[in-house]
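In what follows, a structure is listed as structure tokens, so that the remarks can point back to it.
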């Protein structure tokens, strides 16, 4: 399975999908068509979980700002992770700036909504 990398833009985060189990999203997320933008990432993850039936996956999310459609997409993303957390050891590191209260609160909300996922708040 090949790695997949998307460069950051003004409206989209850098995304690094490493088949060895390290996934990162860094930056802002408010693309014009959120679901279309993230479609290749979701497809890659679905294939990744099929190919790697058991394994360890670490997701580092450092999203400093996201809009409501990105929030919906992140719920779908976490749903996909949750569907696979019985066969995989999945850790989500929600990385936020200590001065960005809304980013911290978003991470706390995801922790509440996805109790079976191991989501850790990481202040930088």
Is it the case that residue 58 is at pLDDT 95 or above, surrounded by 15 or more Cβ atoms within 10 Å (Cβ to Cβ), under 14 Å from the mean Cα position of the chain (by Cα) and more than 17 Å from residue 88 (Cβ to Cβ)? no
What is the one condition in (1) farther than 18 Å from residue 17 by Cβ; (2) surrounded by 16 or more Cβ atoms within 10 Å (Cβ to Cβ); (3) out of contact with any helix residue (DSSP H, G or I) (no Cβ under 8 Å at 6 or more places or on another chain) that residue 99 does not satisfy? (2)
Does any residue in the range 93-105 that is part of a helix (DSSP H, G or I) come within less than 7 Å, Cβ to Cβ, of a residue that is exposed (fewer than 14 other Cβ atoms within 10 Å of the Cβ) six or more places away or on a different chain, and which pairs are these? 103/97
From the residues in the range 108-121 that are without any contact (Cβ under 8 Å) to a residue 24 or more places away in the chain and assigned to a helix (DSSP H, G or I), which one is surrounded by the most Cβ atoms within 10 Å (Cβ to Cβ)? 111
Those residues of the range 6-48 that are more than 14 Å from residue 73 (Cα to Cα), assigned to a loop (DSSP other than H, G, I, E, B) and more than 13 Å from the chain's Cα centre (by Cα) come to a total of 7
Any chance you could count how many residues in the range 36-48 are crowded, with 17+ Cβ neighbours inside 10 Å, touching a helix residue (DSSP H, G or I) at 6+ places or on another chain (Cβ under 8 Å) and more than 11 Å from residue 4 (Cα to Cα)? 1
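The values are calculated or read from the model by the stated rules, or taken from the named source; none is laboratory data. Since the model is a prediction, treat every value here as computed from it, not as a measurement. Positions of Cβ are backbone-derived with ideal geometry, glycine not excepted, and every protein chain shown enters the neighbour counts.
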